[in-house]
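To start, the structure itself, in structure tokens.
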Number of protein chains: 2
Amino acid sequence: MSSLHQRIRADIQDRILSGAWPPGHRVPAEHELMAEYGCSRMTVNKALAPLAEAGLIVRLRRAGSFVARPRIHSAVLDIPDIQAEVTARGETYGYELLSRAARAAKADEARALDLPPGGRVLAMTCLHRAAGQPFALEERLISLSAAPEAEAVDFTMTAPGGWLLTHVPWTEAEHRISAVSAGKAARLLSLEPEAACLVLERLTWRGEVRITHVRMTFPGEAYDLTARFSPRSG
Amino acid sequence: MSSLHQRIRADIQDRILSGAWPPGHRVPAEHELMAEYGCSRMTVNKALAPLAEAGLIVRLRRAGSFVARPRIHSAVLDIPDIQAEVTARGETYGYELLSRAARAAKADEARALDLPPGGRVLAMTCLHRAAGQPFALEERLISLSAAPEAEAVDFTMTAPGGWLLTHVPWTEAEHRISAVSAGKAARLLSLEPEAACLVLERLTWRGEVRITHVRMTFPGEAYDLTARFSPRSG
């Protein structure tokens with residue numbers, strides 16, 4: 001004899017594993033499951049929590065639960081082209097410029113980009129979407145002494161990463177990868193504040209000159225990074 | 001005029017930034033702060049939450065709050081030697097074998113290690129500590145057809161990673177890096193279940209033969225990974 005929450009869980013799992021509910025399919029809302037099974041919200045939650053823990057569904061704030069899609073994999077040793085990666089998966093890519101300011105660098109920004117006090121930067125915040133859902137929050141700084149032409153670019157239609165790759169040559173980059181709670185990025189990424197996110201920070205050089213620093217925050221279940229290597233490489 | 005929780009927060013922040021409370025220093029427990037400031041648990045929480053969000057303190061389940069220590073950085077393109085990294089930071093390294101079983105591989109394990117049904121593996125779970133606190137949970141599988149000598153090794157004193165590096169040659173490895181909530185690993189890592197963790201999965205080959213698969217789970221605030229690269233590398 002299984003309890004009701006185990007039965008609800010098994011029903012949903014069967015539909016996912018059989019393919020009846022494909023990746024991205026919306027799981028019935030909590031109130032719909034409560035009505036269908038004549039049970040409490042707590043029972044529904046006990047059914048959904050292990051499915052989320054197993055990575056079969058993704059629970060988004062407000063928007064409800066969805067059948068998980070496979071993660072997008074990026075190579076660690078490359079500057080990822082997010083639009084290309086999303087499109088390659090057959091999903092619609094979306095881009096939105098949330099803020100833009102050409103201004104003097106703050107102290108920590110000047111340190112990061114090795115600028116003198118008061119050095120000018122272009123600071124932008126952008127949201128990338130995959131299949132309509134938030135996929136990455138981009139916090140971008142471009143040194144306007146290293147890439148002055150950036151100030152005249154209309155970044156409302158063109159994402160800074162793609163523009164930089166095609167317009168500003170680079171010779172070296174450094175990635176720093178960490179795991180954080182969504183925190184302040186939660187609202188923009190439609191996540192709970194404690195949701196685990198993968199943060200990819202990248203600093204890019206041309207020779208000795210620092211061109212740009214970017215911090216990309218991805219929902220943990222949407223993205224991972226891979227690298228192949230041999231002894232003594234890297 | 002600042003409110004009480006802002007004053008508590010500022011007091012703690014001053015002690016951390018002045019160095020009076022060094023990294024690893026234990027922040028007074030909630031009930032001690034409640035007594036010191038004559039305030040409620042909610043006020044203490046409002047003071048501590050932004051300090052944790054800013055990365056100045058780390059809040060551990062049961063154990064209380066501690067002044068944050070800098071993260072350990074590992075190169076992405078290397079098999080990290082955890083003991084060496086912890087020791088290099090001047091901290092005591094601790095290791096504990098939690099479980100060990102030589103047995104037939106489960107279906108997913110056989111797939112991961114490219115073993116025939118019933119192929120034998122050595123499955124281990126280990127905990128690594130830095131300065132007494134949990135630093136990494138290791139879930140290790142060794143193929144006993146690729147490395148039969150592993151079955152006779154006493155892994156209660158020797159961590160599998162260090163033993164493999166010195167006893168079993170390898171030619172290629174693949175890393176997969178992702179961010180997850182601690183979930184089932186929370187208890188062993190002294191974290192809340194929703195705490196963000198960095199997961200480093202590695203598969204290691206000798207020629208065409210798969211030797212070992214390991215899943216390392218690090219508390220997000222304790223560890224990150226870095227990689228430097230140039231265009232077309234990797």
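The values are calculated or read from the model by the stated rules, or taken from the named source; none is laboratory data. As the structure is a prediction and not an experimental result, all values here were calculated from the model. Glycine also receives a Cβ, built like all others from the backbone with ideal geometry; neighbour counts cover every protein chain displayed. The accessibility values were calculated without ligands, DNA or RNA, using every heavy atom of the protein model including side chains. Shrake-Rupley method; radii C 1.70, N 1.55, O 1.52, S 1.80 Å.
Hey, what's the Kirkwood Rh for region B:4-67 if you take every pair of different alpha carbons, in angstrom?
Values: mean 1/r = 0.0866 Å⁻¹.
Answer for region B:4-67: a Kirkwood hydrodynamic radius of 11.5 Å.
Counting other C-beta atoms within 10 Å, and keeping those with at most 14, which DSSP coil trypsin sites (Lys or Arg not before Pro) do you find in region B:103-160?
Values: sites: B:R103, B:K106, B:R111, B:R120, B:R129, B:R140; in loops: B:K106.
Listed in order of number, the matching sites are B:K106.
If you take the Cα Rg of region B:72-226 and divide it by 2.2 N^0.38 Å, with N the number of residues, what do you get? Write down the numbers at each step before the final one.
Working: Rg = 15.1 Å, N = 155, 2.2 N^0.38 = 15.0 Å.
Normalised by 2.2 N^0.38 Å, the Cα Rg of region B:72-226 equals 1.01.
Which ³J(HN,Hα) values, rounded to whole Hz and listed in residue order, are derived for region B:165-178 from phi using the Karplus coefficients 6.51, -1.76 and 1.60 in 6.51 cos²θ - 1.76 cosθ + 1.60 with θ = phi - 60°, glycine and proline given as x?
4, 9, 10, 10, x, 9, 10, 7, 9, 10, 9, 10, 10, 8
Amide H neighbours of A:S74 under 5 Å, counting only residues 5+ apart in sequence or on other chains, H built in-plane at 1.01 Å?
A:D224, A:L225, A:T226
Taking only Cα atoms and a 10 Å spring cutoff, compute GNM fluctuations for chain B and point out the largest among B:P134, B:P193, B:P160.
B:P193
So which trypsin sites (Lys or Arg not before Pro) in region B:1-91 end up in coil per DSSP with only 11 or fewer other C-beta atoms within 10 Å? If you can, show how the numbers build up before the last one.
On the way: sites: B:R7, B:R9, B:R15, B:R26, B:R41, B:K46, B:R59, B:R61, B:R62, B:R71, B:R89; in loops: B:R61, B:R62, B:R71, B:R89.
Filter output for region B:1-91: B:R62.
List the extent of the Cα atoms of region A:1-112 along each of their three principal axes, largest first, rounded to whole Å.
Sorted from largest, the Cα extents of region A:1-112 read 65, 31, 22 Å.
Give the nm distances, rounded to one decimal, from B:D11 to the matching residue in every other copy, measuring between label points 7 Å along Cα toward the beta carbon; shortest first.
Spelled out, the distances from B:D11's label point are 5.4 nm.
Enumerate lysine pairs in the protein assembly as shown that are 8 or more residues apart or on different chains, then count those whose Cα atoms are under 28 Å apart.
Counting lysine pairs in the protein assembly as shown gives 9.
Does a label point 7 Å from the Cα of A:A20, set along Cα-to-beta-carbon, have any residues of region A:51-68 with amide nitrogen under 16 Å, and which are they?
Flagged as within label range: A:67.
Provide an ascending nm list, one decimal, of label-point separations from A:A104 to the equivalent residue in each further copy; define each label point as 7 Å from Cα along Cα→Cβ.
Inter-copy label distances (nm, one decimal, shortest first): 7.3.
Given labels modelled 7 Å from the Cα in the Cβ direction, how far is it in nm from A:A54 to B:R187?
2.0
What are the label-to-label distances in nm, one decimal and shortest first, from A:S40 to the same spot in the other copies, with labels 7 Å along Cα to Cβ?
2.6
Can you work out the Karplus-derived ³J(HN,Hα) for every residue in region B:105-122? Use 6.51 cos²θ - 1.76 cosθ + 1.60 with θ = phi - 60°, whole Hz, and x for glycine or proline.
Result, rounded to whole Hz: 5, 6, 4, 6, 5, 5, 4, 4, 9, 6, 9, x, x, x, x, 9, 10, 9.
Please report the carbon-and-sulfur percent of the accessible area for region A:1-120; probe 1.4 Å, protein heavy atoms only, DNA, RNA and ligands left out. It would help to have the intermediate numbers written out before the result.
Numbers: 3620 of 6820 Å².
That share works out to 53 percent.
Kindly compute the accessible surface that chains A and B hide from a 1.4 Å probe when together, both sides summed, and give it to the nearest 100 Å². Numbers along the way, then the final one.
Details: alone 12850 and 12860 Å², together 22330 Å².
Separately minus together, A and B give about 3400 Å² buried.
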